Amino acid sequence: MELPAVSLKAIVYVHWLLTMFACTFIWLPNAYYLSNLTVLAVGIWAIIQRDSVDAIFMFLAGLITTVVLDILLLALYYAGTEQATEQLVTRDLFRFSGGMAILNLLLKPLSCFFTYHMYVERGGECSLSIVSSGFISGSRDRSTYQTIDHTEGPAEQDNKMPARY
């Protein structure tokens, strides 16, 4: 089964729109707005540099980070604000804003999935291994690399005897 073609522009636009709707009622701390808008700015960078593996990786890492941050902030601030606005005229505006923030959070794992596939299409690889010291390190296959002073052809010719002139 093939994945549907989802544009990075569409992902950034949908999350921007939902973040703007979540901002219609100020009830979340500035960390919510700053983190989401920063990730969207990195998403714009990934759109502009279509071949950059770093840009799409940073966008993916930012999306994953904001998933965790959004869960924490929504869990900490939603109930208190709901009680505070229960008798106010702006109750419905708060519910709309909260609903958009929750919808934004629910769509982020799907966006992470599509962004990861874009990362792989751009040439990124996800090969993490835990080393003995307990840190996670990325490894790259360097078997096809050649030294700068190497004047011969591909790596297969290294075992051949050099021609005498």
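The values are calculated or read from the model by the stated rules, or taken from the named source; none is laboratory data. All figures in this text were calculated on a predicted structure; none of them were measured in a lab. For neighbour counting, all protein chains shown are included, and Cβ atoms are generated from backbone atoms with ideal geometry for every residue, glycine included. These area figures cover heavy atoms from the full protein model, side chains too; ligands, DNA and RNA do not enter into them. Shrake-Rupley method; radii C 1.70, N 1.55, O 1.52, S 1.80 Å.
Observations
- Candidates ILE136, ILE148: the one that is of a type in the set (A, V, I, L, M), open to solvent by 60 Å² or more (accessible area, probe 1.4 Å), farther than 30 Å from TRP27 by Cα and at pLDDT 65 or above is ILE148.
- Per this entry, GLN83 is counted among residues that are open to solvent by 90 Å² or more (accessible area, probe 1.4 Å) and either out of contact with any helix residue (DSSP H, G or I) (no Cβ under 6 Å at 6 or more places or on another chain) or modelled with pLDDT under 95 (or both).
- The number of residues in the stretch 12-31 that are surrounded by 15 or more Cβ atoms within 10 Å (Cβ to Cβ) and in a loop (DSSP other than H, G, I, E, B) comes to 4.
- Annotation note: Cβ proximity below 7 Å between a residue of the stretch 97-120 that is over 28 Å from GLN49 (Cβ atoms) and touching a residue at least 24 places away in the same chain (Cβ under 8 Å) and a residue that is of a type in the set (Ser, Thr, Tyr) and assigned to a helix (DSSP H, G or I) (sequence gap 6+ or interchain) occurs for GLY98/TYR78.
- Any hit, the stretch 32-50, residues being touching a residue at least 40 places away in the same chain (Cβ under 8 Å), open to solvent by less than 50 Å² (accessible area, probe 1.4 Å), assigned to a loop (DSSP other than H, G, I, E, B) and closer than 22 Å to LEU74 by Cβ: no
- Complete set of residues in the stretch 52-89 that are of a type in the set (Ser, Thr, Tyr) and within 27 Å of TYR13 (Cα to Cα): SER52, THR65, THR66, TYR77, TYR78
- Of the listed requirements (1) open to solvent by 80 Å² or more (accessible area, probe 1.4 Å); (2) over 17 Å from GLU121 (Cα atoms), LYS9 misses just one: (2).
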